Amino acid sequence: MSLTEIKKLREMTSLGINECKKALSESEGDFDKALTILRNRGTQMLAKKSSRTTSEGLVDSYIHFGGNLGALVEINCETDFVARTEVFKKFVKDVAMQVAAASPSYISKDDVPQDLMKDLEDPDSFIKESCLTEQSFIKNNKISIGDYLKEIVSKSGENIVIRRFVRFGVGEDES
């Protein structure tokens with residue numbers, strides 16, 4: 001385990017040096033395994049915090065160059081302190097950009113009506129295209145929006161929820 005690997009892991013996850021060092025130690029120096037360990041910790045943290053109330057947060061927008069495409073999102077967190085952090089603000093802006101670019105229909109697969117799911121030939125493909133948290137992040141296609149959310153929960157230490165979104169395109173019908 002080298003200082004360079006710890007630094008690289010810290011830059012990728014924005015977690016503390018001790019967390020990164022501990023993950024590299026647990027993975028016996030395997031960088032990819034350490035990254036997986038940190039992502040799993042984020043998933044566990046998200047599960048623990050999911051019952052906590054999220055009554056603070058931000059509404060933000062993204063308007064594409066030329067003004068013919070835009071999105072509004074509401075993302076909630078537990079405290080106004082976290083809502084004011086640059087990490088949270090960047091996440092909200094990135095999600096708004098994702099909504100504008102990828103045009104999801106649902107926040108997560110839990111939001112897809114069951115009667116629609118049973119009529120689909122390829123439900124997995126539909127979920128990856130239509131559910132925001134399952135879509136590949138447009139700025140880093142190696143992770144999903146759901147993975148990105150877990151990273152932000154891990155960094156902030158709070159429950160964070162993508163509450164709702166709307167996308168507008170000039171000349172597009174409402175659906």
Candidate set from segment 36-60 (those that are assigned to a helix (DSSP H, G or I) and within 23 Å of Arg84 (Cβ to Cβ)); member that is modelled with the highest pLDDT
Gly42
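Checking the condition more than 21 Å from Leu72 (Cβ to Cβ) and basic (Lys, Arg), which residue from Lys139, Lys155 passes? Steps first, answer last, please.
Details: Lys139 fails: more than 21 Å from Leu72 (Cβ to Cβ).
Among Lys139, Lys155, only Lys155 is more than 21 Å from Leu72 (Cβ to Cβ) and basic (Lys, Arg).
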Hey, Asn68 hits all of (1) under 19 Å from the mean Cα position of the chain (by Cα); (2) touching a residue at least 12 places away in the same chain (Cβ under 8 Å) but one; which does it fall short on?
(1)
Could you check segment 5-35 and list, in sequence order, the residues that are buried (at least 18 other Cβ atoms within 10 Å of the Cβ) and modelled with pLDDT under 75?
Leu9, Thr13, Leu15
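Go through segment 61-175 and tell me which helices (runs of 4 or more DSSP H), entirely inside it, have 3 or more residues that are surrounded by 13 or more Cβ atoms within 10 Å (Cβ to Cβ) and in contact with a strand residue (DSSP E or B) (Cβ under 9 Å, 6 or more places away or on another chain). Can you show your working first?
Values: elements: 80-83, 86-102, 114-118, 123-130, 145-156.
So the answer is 86-102, 123-130, 145-156.
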Output the residues belonging to segment 71-91 that are farther than 22 Å from Ile107 by Cα, without any contact (Cβ under 8 Å) to a residue 60 or more places away in the chain and not hydrophobic (A, V, I, L, M, F, W, C).
Asp80, Arg84, Glu86
Considering segment 135-167 alone, what residues qualify as being acidic (Asp, Glu) and within 9 Å of the chain's Cα centre (by Cα)?
Asp147, Glu151
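The values are calculated or read from the model by the stated rules, or taken from the named source; none is laboratory data. This is a predicted model, so every value here is computed, not measured. All Cβ positions, even for glycine, are placed from backbone atoms using ideal geometry, and neighbour counts span all protein chains on display.
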